[in-house]
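No value in this document is a laboratory result; all are computed from the given coordinates. Just so it is clear, the structure is predicted and the values come from calculations on it, not from any experiment. Cβ: placed from backbone, ideal geometry, glycine included. Neighbour counts: every protein chain shown.
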Amino acid sequence: MRKDSFLRGAFVATLYIIAGKVMGVLYVIPFYTIIGERGGALYSYAYSTYELFLTLSTVGVPLAVSKIVSEYNTRGFYKAQNTVFRIAKIITTTTAFISTLVLFFCAPIISKHIVGDVSGVTQPPDVTFVIRVVSTALLFVAVLGSTRGYLQGNHYISVSSSSQILEQLVRVSFIIFGSYISINVLKLSSTYAVGVAVFGATVGAIVSYFYLRCRILKEKDLKFADYKLTKEEKNITNKIIVKKLILTTIPFVVLNIISSCYSFVNSLTVVKTLSSKCGFSGVQSESILAIISNWGFKLNSIVSSVAGGVVVNVLPNLTKYLVLENLHQIREKINKTLQIVLFMTIPMATGLSLLADPVWNIFYGNKSEFGPSVFSFSVFVSIFSSVELNVNVIMHSLGKFKAVYFACFLGFAINATLNIPLMILFGKLGLGAYNGASFSTILGLTISASTSLISLKKSYNISYKKTIKEIFISLIATSLMTSLILVFNKVLPIKNENKVFSMLIVLFYFLLGALVYFVVTYKTKSIYRIFGKNVFKKIRSIIKI
């Protein structure tokens, strides 16, 4: 295995995560055909609940492991870092087992609260079934997360990221073949097909975990056979490590729960609000929720995967420089993180919004009543969620717990308070009531991230002038890209009914937009300032991995 630098690690992790997200999006084409739009709603009910309980079962331990291992690695406490990993696995196994039991037995209560008494929608027993099936993944995903955290803390980003590709490949294969066999061979209902599909998360996690265990056992640099304990390290007892894990974990679980609650708020409010106050039928409302929480969200995940790639490097690197008390590098890495995330997410989200019709047609066909219109606006949520995720991790890495708590609670409170009023307002203004939910999310995320950035500026005397300059260039490049696409739209219309032609249109406009964006950022040297002068050598190096 090979240790990775900050920029190389960011490149590698982003590349692998984007590849995994692309797989996670591509499988939607056959899966959507197999189970339909309302089957997707059932799938989203299970996954939104599962993600909330996954946060509770892992209690932030994977990221805490990455942070503490990075700290001990920097100090040269190699035995202590392995002890952290061992104790973390015990903690995650215990909490995941408890969460699995709670989710399994409380599934009927959760299901009743999700669908309520709205007529014409999925029934509580069906939701209960799929929630219970997906609960089996909690135990394995939790332990897998701790293993990845251990590798990331040691700066083995590539192998950790490759395990995500393997997990996704296994999960996607299980979803497609399992749901197809359930409906077309065994002639089971869509409920059972969705149950089989969500079980893919369990299978994927098991395979990925054993892959990582094999890689770790073969890595000599992680055995520390000839290592001798220092006096300072001898004082690090199991009790101290457990306490440190708990104290490091608490902020992560709070932040992750708040993040998961954004989606949970939509699950609780969108269907009821649209059907009772905005003139939509129960079936239409449930389809819109499926688009926001599942079908459109999967397309959005291609954009937000950039944040995931960067964040696995931010945590161990900032922890390292905090230990070394290198304030210059801390300021540099914070700005670099923001620049990388925005440089990539702004044009990606804008491009997907412009091409919403052909993109939706490729993946889901052209029969969806609200698909393209809902997706074309909700995709911008991915920009703000990407920034907020990285800012939260930065705050945690630097120990700014109270400030990040306040920022996240403030953002979520605004989202939860305004979600219903904004849907009603958007409906009355003719802007699409469903877009009110997405705008409420954007507003909450923006306030949360902005509050944290202000706190960082005061604490570390950080100047964001360079980042603002790069954002401005990115917006100019994106505007030129948008203008050119709209001009070409007069000659080659973006919207069409043919799926094959939609693929060609998306490919053409993707290449056109990428070319314009690259030329502008290249001519202004923005790409060099953000990624370094050897950016193209780094890319070639990653491709050869």
From a point 7 Å beyond the Cα of SER463 in the direction of its Cβ, which residues of region 329-347 have a backbone N at a distance under 16 Å?
-> 329-336
Cα lying deepest toward the dipole's positive end in the chain, options TYR43, ASN496, LEU144, charges on Cβ | LEU144
Estimated vicinal HN-Hα couplings, Hz - region 154-171 in sequence order (Karplus 6.51, -1.76, 1.60; Gly, Pro = x) = 8, 6, 8, 6, 4, 5, 4, 5, 5, 5, 5, 4, 4, 4, 5, 4, 5, 4
Among residues other than THR249 whose Cβ falls under 11 Å from its Cβ, what is the net charge (Lys/Arg +1, Asp/Glu -1)?
-> +3
At LEU429 and LEU475, where each label point lies 7 Å from the Cα along Cα→Cβ, what is the point-to-point distance in nanometres?
-> 1.9
10 Å-binned pair-distance histogram of the chain (Cα, whole percent) = 4, 17, 29, 28, 16, 5, 1, 0
Treat each spin label as a single point 7 Å out from the Cα along the C-beta direction, and report the VAL323 to THR93 distance in nm.
-> 2.6
Hey, got the dipole for the chain? About the Cα centre, +1 on K and R Cβ, -1 on D and E Cβ, debye to the nearest 20?
-> 2000
Please go through region 423-500 and write out the trypsin sites (Lys or Arg not before Pro) that DSSP classes as loop and that have at most 12 other C-beta atoms within 10 Å.
-> LYS490
Env charge @ SER450, Cβ radius under 14 Å, K,R +1 / D,E -1, value +1
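According to the square roots a ≥ b ≥ c of the eigenvalues of the Cα gyration tensor, what is the shape class of region 272-406, taking rounded for a/c under 1.5, prolate for a/b larger than b/c otherwise, and oblate for the remainder?
Working: a/c = 3.83, a/b = 2.15, b/c = 1.78.
Verdict is prolate for region 272-406.
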Putting +1 on Lys and Arg Cβ atoms and -1 on Asp and Glu Cβ atoms, find which of PRO30, THR269, ILE157 reaches farthest to the positive end of the dipole of region 6-543.
-> ILE157
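Net charge near VAL379, counting Lys/Arg +1 and Asp/Glu -1 over other residues with Cβ under 13 Å of its Cβ? Don't skip to the end; give the middle numbers.
On the way: positive: LYS298; negative: ASP357.
Value of the local net charge: 0.
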Rounded, prolate or oblate: pick one for region 422-545, where a ≥ b ≥ c are the square roots of the eigenvalues of its C-alpha gyration tensor, a/c under 1.5 means rounded, and failing that, prolate if a/b is larger than b/c, else oblate.
-> oblate
Segment TYR522-GLN123, length gained on full extension (0.36 nm per residue, minus Cα span) | 138.2 nm
Here region 328-345 yields Karplus 3J(HN,Hα) values (6.51, -1.76, 1.60; θ = phi - 60°; whole Hz; Gly and Pro given as x) of 4, 5, 4, 4, 5, 5, 5, 5, 5, 4, 4, 5, 4, 4, 6, 4, 8, 7
Region 369-438 versus region 445-521: alpha-carbon centroid distance in Å = 19
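GluC sites (Glu not before Pro) within region 141-237: which are DSSP loop residues with at most 16 other Cβ atoms inside 10 Å?
Numbers: sites: GLU167, GLU219, GLU232, GLU233; in loops: GLU219.
Those that pass, being in a loop and sparsely packed, are GLU219.
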Relative contact order of the chain (C-alpha contacts under 8 Å, at least 6 apart) in percent is 19
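Past 25 Å, Cα to Cα: identify those pairs from LYS402/LYS469; LYS466/LYS533; LYS469/LYS490; LYS272/LYS499; LYS21/LYS457, in the order given. Kindly include the intermediate steps, with their values, before the conclusion.
Working: LYS402/LYS469 30 Å; LYS466/LYS533 17 Å; LYS469/LYS490 33 Å; LYS272/LYS499 33 Å; LYS21/LYS457 33 Å.
Where the Cα-Cα span goes over 25 Å, the pairs concerned are LYS402/LYS469; LYS469/LYS490; LYS272/LYS499; LYS21/LYS457.
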Find how much the distance from GLU219 to TYR405 grows on full extension, using 0.36 nm per residue of separation minus their present alpha carbon separation; answer in nm with one decimal.
-> 63.1 nm
